[in-house]
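Inspection log for the structure reproduced underneath, given as structure tokens.
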Amino acid sequence: MDIALIGIGKIAVDQHVPAINASSDWSLAATVSRSGRVDGIPAYSDFKQMLDENPNVRVVSLCMPPVPRFAYATAALNAGRHVMLEKPPGATLAECHTLLTHANERRLSLFTTWHSREADMVPAAKAWLLERTLRKVHITWKEDVRRWHPDQEWIWEPGGMGVFDPGINALSILTEILPVPIHLKSAHLKYPENKQAPIAALLEFTHPTCNQVTADFDWRQEGEQTWTIDVETDAGTLRLFEGGAKLEVDGTAVEFTGALSGEYPRLYQKMTELVTAGKSDVDLAPLTHVADAFMLGRRETVAEFVT
Ligand code: NAP
């Protein structure tokens, strides 16, 4: 299928283009970006013009930040194209629900992708937890914003979500591997005095049987970077780390036995399946927890952030 990539920035270049090029299902037919481009691919700066001139493009994959995404997704659905959304799928829950309604009305596929759920060891962690009773769950997601988001001012703006931009990846894994739904109990958000989005967040969730489900997100982490979920159960401990790429059970490494592929190749494989089956995949649980954190969170002002 011919596909167009919209918003040629870091993630489009690092992950989407290689995943599309490596797949026999997909052909990158066009890009739309104000300044970015992909060598050898027709480049547009006007989205409507690209849609009008490329009726062969059946799918558009939106890789820009969340705030502008709704307008592009609406235009694509109105033009009869299937839509793939980078995470977080939108700036608000309501706009995501609206997009799903539009997609269903037009019998088009909408895919709210969560790339971290496609990390190698997430399915093994999910299977292991299914058999056990939880005692304690803790997420540690600490990274250096200067290292991972240089020159990205949108992450600090309203709708950029601040530390939840990576934190939502942890929540996408958590909501995938826990056998039952959870909901937010409390949040403590730390805002730099010169920014509109938090640099750190402490979250506490309510779980039907486990009374300690917590998360610690921090963007001020220098040196070693940590993307870990620790779980204690009635029958052993689990550590899912390196963003879901590695797993230890009771301190012993679990070998990866799935098919070698990678997070983004798996997302594009899923999109092939959704379009072929005429289905959508829209799970808003991770975004719901982030929205609840902004709604319920106690706000603390911390030192200004300077790059
Ligand atoms: P980015 O490089 O800052 O932005 C991607 C591109 O979006 C920009 O190059 C820009 O292209 C376009 N864009 C920016 N603002 C826009 C606007 N207001 N209207 C239309 N287009 C706009 O960001 P990124 O790191 O690729 O992240 C994009 C999305 O991918 C985010 O939702 C992020 O959470 C997700 N993501 C990022 C990573 C990562 O490692 N960076 C990993 C996984 C997912 P032009 O200026 O050329 O139009």
Checklist line | The lone exception for Phe70 - which of (1) in contact with a Cys (Cβ under 9 Å, 6 or more places away or on another chain); (2) near the ligand (Cβ under 9 Å from one of its atoms) it fails | finding: (2)
Next item on the list: Could you check Asp25 against (1) within 22 Å of the chain's Cα centre (by Cα); (2) under 18 Å from Thr113 (Cβ atoms); (3) in contact (Cβ under 8 Å) with a residue 24 or more places away in the chain and say which number it fails?
Entry: (1)
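Please verify whether the range 130-137 includes one or more residues that are within 14 Å of the ligand (Cβ to nearest atom), on the phi < 0 side of the Ramachandran plot, of a type in the set (Lys, Arg) and modelled with pLDDT of 95 or more.
Here is the first cut: in the range 130-137, the residues within 14 Å of the ligand (Cβ to nearest atom) are none.
Within the range 130-137, not a single residue is within 14 Å of the ligand (Cβ to nearest atom), on the phi < 0 side of the Ramachandran plot, of a type in the set (Lys, Arg) and modelled with pLDDT of 95 or more.
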Note to self: Being closer than 14 Å to Ile3 by Cβ and within 15 Å of the ligand (Cβ to nearest atom) is the filter here; which residues of the range 73-85 pass it?
What the structure shows: Ala76, Val83, Met84, Leu85
Notebook entry, point to check: Looking at Asp230, Asp292, which one is surrounded by fewer than 17 Cβ atoms within 10 Å (Cβ to Cβ), touching a strand residue (DSSP E or B) at 6+ places or on another chain (Cβ under 8 Å) and not aliphatic (A, V, I, L, M)?
Noted result: Asp230
Margin query: Quick test of your reading of the structure: Val57 fulfils all but one of (1) without any contact (Cβ under 8 Å) to a residue 60 or more places away in the chain; (2) buried (at least 21 other Cβ atoms within 10 Å of the Cβ); (3) within 16 Å of the ligand (Cβ to nearest atom). Name the failing condition by number.
Written below: (3)
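Can Ala71 be described as farther than 20 Å from Trp26 by Cβ and outside any helix (DSSP H, G or I)?
Spelling it out, it is not the case that Ala71 is farther than 20 Å from Trp26 by Cβ and outside any helix (DSSP H, G or I).
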Next item on the list: Please name all residue pairs, on different chains or six or more residues apart, with Cβ atoms under 8 Å, provided the first residue is in the range 1-12 and is over 14 Å from Arg69 (Cα atoms) and part of a strand (DSSP E or B) and the second residue is basic (Lys, Arg) and away from the ligand (no atom under 13 Å from the Cβ).
Entry: Asp2/Arg58; Ile3/Arg58
Item checked: Enumeration of residues in the range 1-54 that are small (Gly, Ala, Ser) and within 16 Å of the ligand (Cβ to nearest atom) -> Ala4, Gly7, Gly9, Ala12, Ala19, Ala30, Ser33, Ser35, Gly36, Ala43, Ser45
Next item on the list: Would you list the helices (runs of 4 or more DSSP H) that sit entirely within the range 115-227 and hold 1 or more residues that are surrounded by 17 or more Cβ atoms within 10 Å (Cβ to Cβ) and among the polar types (S, T, N, Q)?
Entry: 164-177
Next item on the list: From the list Thr206, Thr233, pick out the single residue that is of a type in the set (S, T, N, Q) and either under 20 Å from the mean Cα position of the chain (by Cα) or within 19 Å of Met295 (Cβ to Cβ) (or both).
Entry: Thr206
Note to self: I'm told Thr272 meets every condition in (1) surrounded by 15 or more Cβ atoms within 10 Å (Cβ to Cβ); (2) over 30 Å from Leu28 (Cβ atoms); (3) β-branched (Val, Ile, Thr) except one. Can you identify the failing condition by its number?
What the structure shows: (2)
Next item on the list: May I ask you to list pairs of residues, at least six apart or on different chains, whose Cβ atoms are under 6 Å apart, with the first in the range 172-194 being under 20 Å from Gly297 (Cβ atoms) and the second being aromatic (Phe, Trp, Tyr) and surrounded by 20 or more Cβ atoms within 10 Å (Cβ to Cβ)?
Entry: Ser172/Trp114; Ile182/Phe205; Leu184/Phe205; Lys185/Phe205
Checklist line | Residue ID - nearest to Gly160 (Cα to Cα), chosen from residues in the range 85-98 that are touching a residue at least 60 places away in the same chain (Cβ under 8 Å) and not in a loop (DSSP other than H, G, I, E, B) | finding: Leu93
Note to self: With the requirement that a residue be of a type in the set (Gly, Ala, Ser) and buried (at least 19 other Cβ atoms within 10 Å of the Cβ), what does the range 1-22 give you?
What the structure shows: Ala4, Gly7, Ala12, Ala19
Check: Is there any pair with a first residue in the range 249-266 that is farther than 16 Å from Trp114 by Cβ and a second that is of a type in the set (Asp, Glu) whose Cβ atoms are under 7 Å apart and which are 6 or more apart or on different chains, and what are they?
Finding: Val254/Glu248; Phe256/Asp120; Gly258/Asp120
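The values are calculated or read from the model by the stated rules, or taken from the named source; none is laboratory data. What you are looking at is a predicted structure, and each value in this text was computed from that prediction instead of being measured. FYI the Cβ positions are ideal-geometry reconstructions off the backbone, even for glycines, and counts take in every protein chain you see.
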